[in-house]
Amino acid sequence: MTAKLAETQMWQTNLASLIRSGLFTRAETGELNGLYTVVGVYSDETCSAPMAKYSDARRAADAANIVNQLAKTPRSAESN
């Protein structure tokens with residue numbers, strides 16, 4: 001359970017950093033070695049390394065949707 005929590009915290013930290021960079025445009029899902037991944041797409045259309053991997057495509061899609069909602073949050077709301 002501890003490893004899973006650490007993985008989640010690392011993913012959240014990496015995601016927050018990616019969004020704050022201003023280069024992040026959206027999250028997309030993909031597939032790698034039989035797992036469904038969530039990757040960030042930069043403004044130049046290149047992709048980040050997988051931020052998360054799931055065995056279920058629905059979980060990956062849900063995670064990507066949440067990331068995209070977070071990325072659309074206005075910066076003024078983040079500072080509150």
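Which net charge results when you count Lys and Arg as +1 and Asp and Glu as -1 among the other residues whose beta-carbon is under 11 Å from that of Tyr54?
For residues surrounding Tyr54, the net value is 0.
Sort 14-24, 35-45 by the packing proxy (mean of other Cβ within 10 Å over each peptide's residues), most packed first.
Taking the mean over residues of other Cβ atoms within 10 Å, the ranking is 35-45, 14-24.
Under Stokes-Einstein, with the Kirkwood radius over Cα pairs standing in for Rh, what whole-number D in µm²/s applies to the range 7-58 at 4 °C and 1.567 mPa s?
For these conditions, the coefficient is 114 µm²/s.
No lab work stands behind these numbers, since they all come straight from the coordinates. The shown structure was predicted, so the numbers you read here are calculated from the model rather than taken from an experiment. Here the Cβ is made from the backbone with ideal geometry for all residues, glycine too, and neighbour counts use every protein chain on show.
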